Amino acid sequence: MRKYLLLFLLCITNLYSVFSQDLLQSGPMVGYSTMKEVLLWVQTTKAAEVHFVYYEKGNDIQRFTTQKYTTEVNTGFVAKLIADKVLPGKKYVYELFVNGKKIQKDYAMEFESQQLWQWRTDPPEVNFAIGSCNYVNEVEFDRPGKPYGSDFNIFTAIHKKNPNFMLWLGDNTYLREPDWDSRTGIFHRYTHTRSLPELQPLLASTHNYAIWDDHDYGPDNSNSSFPLKETSSEIFKLFWGNPNYDVIDKGGITGSFTWADLEFFLLDNRYYRTANTNYTTERQILGKTQIDWLINALATSKAPFKFIVIGGQVLSSEAMYENYATFPKERNYLIEKIREAKIEGVVFLDGDRHHTVLSRMQENDNVYPLYDLTCSSLTAGANTNKEPLNAYKIDDTIVGQHNFGILNVKGSRKERELTISIFNKDGKELWTKKINEKDLKYN
């Protein structure tokens, strides 16, 4: 009798565990990291109580627990919880609990806190992944014909590179016609894309930061007139784990973060944007307030590489589609202010174009060259555009297939070196370039 009772209790326990698994919609995902706290994210299928337990890797005796939170329908059943008992420079294992039951996964669930290196050692080596344009198919809402999204195994290839973090460069999901005119639709599209099975292992053990472009903001080529832009901003903030948003207090998603000695300035190229075809007013992509904040933040920064992250191309001289060359007055203002302030170490990172290219611009011998790395597309339809009118392109860097980038920064303080490597969907290297810290300084 005791044997059957134990079997019965085991079955009940297993059934309850399966039920808890069914409550998990997507994630868990690791968000921002600092020396003293890390953001953990998860989405459930309906209202459920969630929390995380975490411990330093190799020491599962001392365990810490986040606050408990009950997910709600009005916020998409999303929970963002803080691991606030971390110490600098440690790796942690974490566990997810839904309604009190541990969720089992067959892949690693880990995060790291940033190192305290200042005044002690040289800055640590940093590896981070970049990519843009992620289209996940949903037949009933997609355009007819051949599926626009493919090669989702690219996320497995990124995961195998084991980057410290992933920087998503916009169009991280694609709102469709049934999506962008309602809160329900935007929640559905973000949820559908975030639930992609191939994406889950990457989300679970790689820190994630993001900006947006038109397709995860609103309709194609959308701008400041989009009526649901506040709703779109709210949902973007729910689904991503940046440490800050709207730092200029004007709405939108503008922010920044630091990793080791590197600084990243996350710009919003949609919320304030003038329509591409509107020439009746002062034309802008970022707006003066955002640019002036950026220049002030860049001038404050001591980072050897200052990455300006924006949804569309900045340096291409090819005034086509939605790149910055189609807004020449504001682009000139941005570049002139960078030069006027004598800001060193600037590198632009962007997506949008569905191909990858590295551009290099140097106006004269008295200034260092500015670089602009366009990295696209992850899974949305790729193209072989050669940018024939872009005078700044480096010819051997154009990639017209699904790809991603891994950027590595290493070396002693004041002698840091940036290595840019672009990989195909299977993780095979397509090209690599090196840029030294000293090459991005004024004489």
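For the chain, what is the charge dipole size about the Cα centre, in debye to the nearest 20, if Lys and Arg each add +1 at the Cβ and Asp and Glu each add -1 at the Cβ?
1200 debye
Along the charge dipole of the chain, which of HIS354, VAL78, GLY252 sits closest to the positive end, that is, farthest toward it, with unit charges on the beta carbon of Lys, Arg, Asp and Glu (+1, +1, -1, -1)?
Farthest along the dipole direction, towards plus: VAL78.
Which far-off residues, 5 or more places away or on another chain, put their amide H under 5 Å from the one on VAL346, with H placed in the peptide plane?
Placed amide hydrogens put LYS306 under 5 Å from VAL346.
Kindly provide the chymotrypsin sites (Phe, Trp or Tyr not before Pro) of region 263-335 that DSSP labels as loop, not H, G, I, E or B, and whose Cβ sees at most 11 other Cβ atoms within 10 Å.
TYR279
Rounded, prolate or oblate: which fits the chain, taking a ≥ b ≥ c as square roots of the Cα gyration tensor eigenvalues, rounded meaning a/c under 1.5, else prolate when a/b beats b/c?
prolate
Does region 380-443 come out rounded, prolate or oblate, given a ≥ b ≥ c as the square roots of the eigenvalues of its C-alpha gyration tensor, rounded meaning a/c under 1.5 and, failing that, prolate meaning a/b above b/c?
The shape class here is oblate.
Nothing charged except the Cβ atoms of Lys and Arg (+1) and of Asp and Glu (-1): what's the magnitude of the dipole of region 286-356 about its Cα centre? Round to the nearest 20 debye.
On the way: 9 positive and 9 negative charges, 50 e Å.
Here the size comes out at about 240 debye.
Between GLU140 and LYS386, what is the label-to-label distance in nm when each label sits 7 Å out along the Cα-to-Cβ direction?
A separation of 4.5 nm, rounded to one decimal place.
Accessible area of the chain with a 1.4 Å probe: how many percent of it is carbon plus sulfur?
51 percent
I'd like the orientation of helix 229-239 relative to the chain: the angle between its Cα long axis and the longest Cα principal axis, in ° from 0 to 90, rounded to 10.
The two axes meet at around 50 degrees.
Under a crude label model (7 Å from the Cα following the beta-carbon direction), how far is ASN366 from ASN127 in nanometres?
Reported label-point gap for ASN366 and ASN127 is 4.3 nm.
Apply the Karplus curve 6.51 cos²θ - 1.76 cosθ + 1.60, θ = phi - 60°, to the phi angles in region 265-276 and return the couplings in whole Hz, x for Gly and Pro.
Listing the rounded values in order: 10, 9, 9, 10, 9, 10, 4, 10, 6, 7, 4, 4 Hz.
Roughly how big is region 336-384's charge dipole about its Cα centre, with Cβ charges of +1 (Lys, Arg) and -1 (Asp, Glu), in debye to the nearest 20?
Computed charge dipole of region 336-384: roughly 100 debye.
Please compute the modelled spin-label separation between ALA47 and TYR442, points set 7 Å along Cα→Cβ, answer in nm with one decimal.
So the two model labels end up 6.0 nm from each other.
Of the listed pairs LYS105/LYS428; LYS161/LYS441; LYS410/LYS441; LYS90/LYS438, which have alpha-carbon separations greater than 23 Å here?
Pairs exceeding the cut-off: LYS105/LYS428; LYS161/LYS441; LYS90/LYS438.
Round to the nearest 10 and report in Å² the accessible area of TRP431, as given by a 1.4 Å probe over the protein chains' heavy atoms.
For TRP431, solvent-accessible area is about 20 Å².
Quote to one decimal, in nm, the extra length available between ASP22 and LYS434 on full extension: 0.36 nm per residue of separation minus the C-alpha distance between them. Before the final figure, lay out each step's value.
On the way: separation 412, 0.36 × 412 = 148.32 nm, distance 4.63 nm.
In short, 143.7 nm is gained.
How much solvent-accessible surface does HIS188 expose, in Å² to the nearest 10, with a 1.4 Å probe and all protein chains in place?
It works out to around 70 Å².
Any idea what angle helix 2-22 forms with the longest principal axis of the chain, computed on alpha-carbon atoms, 0 to 90 degrees, nearest 10?
That works out to roughly 20 degrees.
Between TYR55, THR45, ASN276, whose Cα lies farthest towards the positive end of the dipole of the chain when Lys and Arg beta carbons carry +1 and Asp and Glu beta carbons carry -1, centred on the Cα centre?
Positive-most Cα among the choices belongs to TYR55.
Spelling out what I want: for every residue of region 289-300, take phi, set θ = phi - 60°, compute 6.51 cos²θ - 1.76 cosθ + 1.60 (Karplus), and round to whole Hz; glycine and proline get x.
Residue by residue, region 289-300 yields 4, 5, 5, 5, 4, 4, 4, 5, 5, 5, 5, 6 Hz.
Residue by residue through region 161-172, which ³J(HN,Hα) values in whole Hz follow from phi under the Karplus form 6.51 cos²θ - 1.76 cosθ + 1.60 (θ = phi - 60°), with glycine and proline marked x?
Each residue's phi maps through the Karplus curve to give 6, 6, x, 5, 8, 10, 10, 8, 9, x, 6, 6 Hz.
I'd like the FRET efficiency for ILE61 and MET320, computed as 1/(1 + (r/R0)^6) with the beta carbon distance as r and R0 of 41 Å, rounded to 0.05. Write out the running numbers ahead of the final one.
Values: r = 60 Å, r/R0 = 1.45.
Calculated value: 0.10.
In the neighborhood of GLU72, defined by Cβ-to-Cβ distances under 12 Å, what is the net charge if each Lys or Arg adds +1 and each Asp or Glu adds -1?
0
Hey, can you grab everything whose amide H is under 5 Å from the amide H of LEU430? Only 5+ residues off in sequence or another chain; H modelled, so Pro and N-termini drop out.
Long-range HN contacts for LEU430: ILE422, PHE423, ASN424.
Of the chain, which part is the longest with no GluC sites (Glu not before Pro) in a loop (DSSP not H, G, I, E, B) and with at most 11 other C-beta atoms within 10 angstrom?
In the chain, the maximal stretch lacking such sites is 1-281.
Report the Cα centroid-to-centroid distance between region 324-390 and region 148-200 in angstrom, as an integer.
That distance is 25 Å.
Checking the a/c ratio against 1.5 first, then a/b against b/c, what shape does the Cα gyration tensor give for region 184-334?
oblate
Would you grab the residues whose amide H sits under 5 Å from the one on VAL136? Only those 5+ places off in sequence or on another chain, please, with H modelled 1.01 Å from N.
Residues meeting the amide H criterion: TYR174.
Leaving out ligands and nucleic acids, and using a 1.4 Å probe, what accessible area per residue does the chain come to in Å²? Walk me through the numbers before you get to the answer.
On the way: 19100 Å² over 443 residues.
Heavy-atom accessible area per residue stands at 43 Å².
The values are calculated or read from the model by the stated rules, or taken from the named source; none is laboratory data. Quick caveat, the model's predicted, so the values are computed rather than measured. So basically every Cβ, Gly included, is an ideal-geometry build from the backbone, and we count neighbours across all protein chains shown. Ligands, DNA and RNA are stripped out before the accessible areas are found, and what is left, the full protein with its side chains, is counted by its heavy atoms. Shrake-Rupley method; radii C 1.70, N 1.55, O 1.52, S 1.80 Å.
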